[in-house]
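S.K.: Structure below; questions to follow.
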Amino acid sequence: QVLSDVFNAPVYTIDTANSACLGSAYRAIHGLVAETNVSLADVVKLAPEPRLAVTPTAGAEQLYRPLLKRYAELEQKVIYNPTSSC
């Protein structure tokens, strides 16, 4: 629920063991075939059908939007000036 609320997006799951590892494997395959212009959608065509797990809580976006903006600003400071203090 927290991911859905923070990113204001529905969260889907698949019925498979180690689904996070499976997602990483699909990304790796996509990287290997990137030169052939195969889309990620084509790579995951055979993946199990996702199931909606949760949707964002009403009003959560108002709480998290400013926090996400601040986080992005801090992240940019670290990336572009890693020796400065935040």
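S.K.: Which of Ala58, Thr36, Ala47 sits farthest toward the positive end of the charge dipole of the stretch 1-80, with +1 on the Cβ of Lys and Arg and -1 on the Cβ of Asp and Glu?
M.R.: Positive-most Cα among the choices belongs to Ala58.
S.K.: On to the next question. Using only the C-alpha atoms of the chain, find the volume of their convex hull and express it per residue in Å³. Please report the intermediate quantities before stating the final value.
M.R.: Numbers: hull volume 13.1 nm³, N = 86.
Enclosed volume per residue, from the Cα hull, is 153 Å³.
S.K.: For the stretch 1-80, calculate the relative contact order in percent as a whole number, restricting contacts to Cα pairs under 8 Å that are 6 or more residues apart.
M.R.: Numbers: 66 pairs, mean separation 39.1, N = 80.
Relative contact order here is 49 percent.
S.K.: When N is the residue count of the stretch 1-47, what does its C-alpha Rg come to as a fraction of 2.2 N^0.38 Å?
M.R.: Cα Rg divided by the expected 2.2 N^0.38 Å: 1.37.
S.K.: Let me ask something else about it. Taking the Cα centre of the chain as the origin, how large is its charge dipole in debye, to the nearest 20, when only Lys and Arg (+1) and Asp and Glu (-1) carry charge on their Cβ atoms? Provide the component values of the computation, followed by the final result.
M.R.: On the way: 7 positive and 8 negative charges, 43 e Å.
Computed charge dipole of the chain: roughly 200 debye.
S.K.: Please report the carbon-and-sulfur percent of the accessible area for the chain; probe 1.4 Å, protein heavy atoms only, DNA, RNA and ligands left out.
M.R.: Numbers: 4150 of 6900 Å².
Of the solvent-accessible surface of the chain, carbon and sulfur hold 60 percent.
S.K.: Per residue, how much accessible area does the chain have with a 1.4 Å probe, in Å²?
M.R.: Accessible surface, normalised per residue, equals 80 Å².
The values are calculated or read from the model by the stated rules, or taken from the named source; none is laboratory data. Since the model is a prediction, treat every value here as computed from it, not as a measurement. Methodologically, a virtual Cβ is constructed for each residue, glycine included, from the backbone with ideal geometry; neighbour enumeration extends over all protein chains shown. SASA here: full protein model, heavy atoms, side chains in, ligands and nucleic acids out. Shrake-Rupley method; radii C 1.70, N 1.55, O 1.52, S 1.80 Å.
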